Amino acid sequence: METQTEPPITRIQMSLADYLELPEKPKAEWVRGETLIMTLPQLMHQYILTRLILLLSGALTDCFIISEAGFRMIDSCRRPDLMVLDNWPKDEHWVDDPPLVAVEVISPSTRNEDMIRKLVEYLAAGVKQYWILDRQYRRITVLHNLGGQWGNEVVLDDSHPKASVLVGNHGTVTLDMTALFAE
């Protein structure tokens with residue numbers, strides 16, 4: 001397994017109003033009075049997302065696949081790596097309705113946010129599925145919102161690299177970890 005290093009997330013106390021005035025870059029999220037400024041993702045992170053966008057677009061033809069858009073919740077404003085929406089958002093900058101799928105590709109600097117804090121926030125916000133792609137540990141986890149708790153729908157690893165995932169009544173996505181993580 002390769003060692004990945006990235007600068008840590010920079011955390012700054014900031015009001016929501018001040019956060020909303022920030023420019024699009026660098027990537028930043030707001031959580032209960034704290035702005036988290038992240039480093040630009042590594043190239044492999046972007047490559048995985050591009051492959052996933054193509055896969056989702058082909059399988060879920062009546063959905064909207066959005067990357068790096070804002071998802072506004074009660075106490076936070078996050079920017080999932082990808083969201084699958086069944087309706088186009090009313091706001092041009094923010095998604096307010098829970099996405100069908102929120103996807104995070106784990107980066108070393110965002111691991112705790114993606115695996116702990118976002119897990120809780122996305123569940124409370126009503127996200128239907130949360131997909132976590134972890135290249136470092138070669139694992140893809142698909143969680144399904146059971147109305148108050150996450151249920152493990154699918155876990156892909158080197159022993160089980162392929163699975164089909166039903167996304168609401170929009171279609172089935174066949175995930176292949178080997179293809180998504182190929183270099």
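The values are calculated or read from the model by the stated rules, or taken from the named source; none is laboratory data. None of these values were measured; they are calculated from a predicted model. Every residue, glycine among them, receives a Cβ derived from its backbone with ideal geometry; neighbour counts consider all protein chains shown.
Of everything in the stretch 63-82 that is in contact with a Leu (Cβ under 8 Å, 6 or more places away or on another chain) and not in a loop (DSSP other than H, G, I, E, B), the residue that is farthest from GLU113 (Cα to Cα) is PHE64. For the stretch 18-34, the criterion of a residue being more than 25 Å from ILE116 (Cβ to Cβ), modelled with pLDDT under 80 and of a type in the set (Lys, Arg) is satisfied by at least one position.
Among residues of the stretch 61-79 that are surrounded by fewer than 20 Cβ atoms within 10 Å (Cβ to Cβ), those with a beta-carbon under 6 Å from a residue that is among the aromatic types (Phe, Trp, Tyr) at least six positions away or on a different chain give the pairs PHE64/TRP88; ARG72/TRP94; CYS77/TRP30. Considering (1) loosely packed, with under 12 Cβ neighbours inside 10 Å; (2) part of a strand (DSSP E or B); (3) in contact (Cβ under 8 Å) with a residue 24 or more places away in the chain, say which one TRP88 fails and leave the rest. Among (1) loosely packed, with under 12 Cβ neighbours inside 10 Å; (2) part of a strand (DSSP E or B); (3) in contact (Cβ under 8 Å) with a residue 24 or more places away in the chain, the lone unmet condition for TRP88 is (2). Screening TRP150 on (1) touching a His at 6+ places or on another chain (Cβ under 8 Å); (2) closer than 20 Å to SER67 by Cα shows it passes everything except condition (2).
It is to be established whether one or more residues within the stretch 42-52 are out of contact with any Lys or Arg (no Cβ under 8 Å at 6 or more places or on another chain), modelled with pLDDT under 80 and not aromatic (Phe, Trp, Tyr). Scanning the stretch 42-52, I find at least one residue that is out of contact with any Lys or Arg (no Cβ under 8 Å at 6 or more places or on another chain), modelled with pLDDT under 80 and not aromatic (Phe, Trp, Tyr), so the answer is yes.
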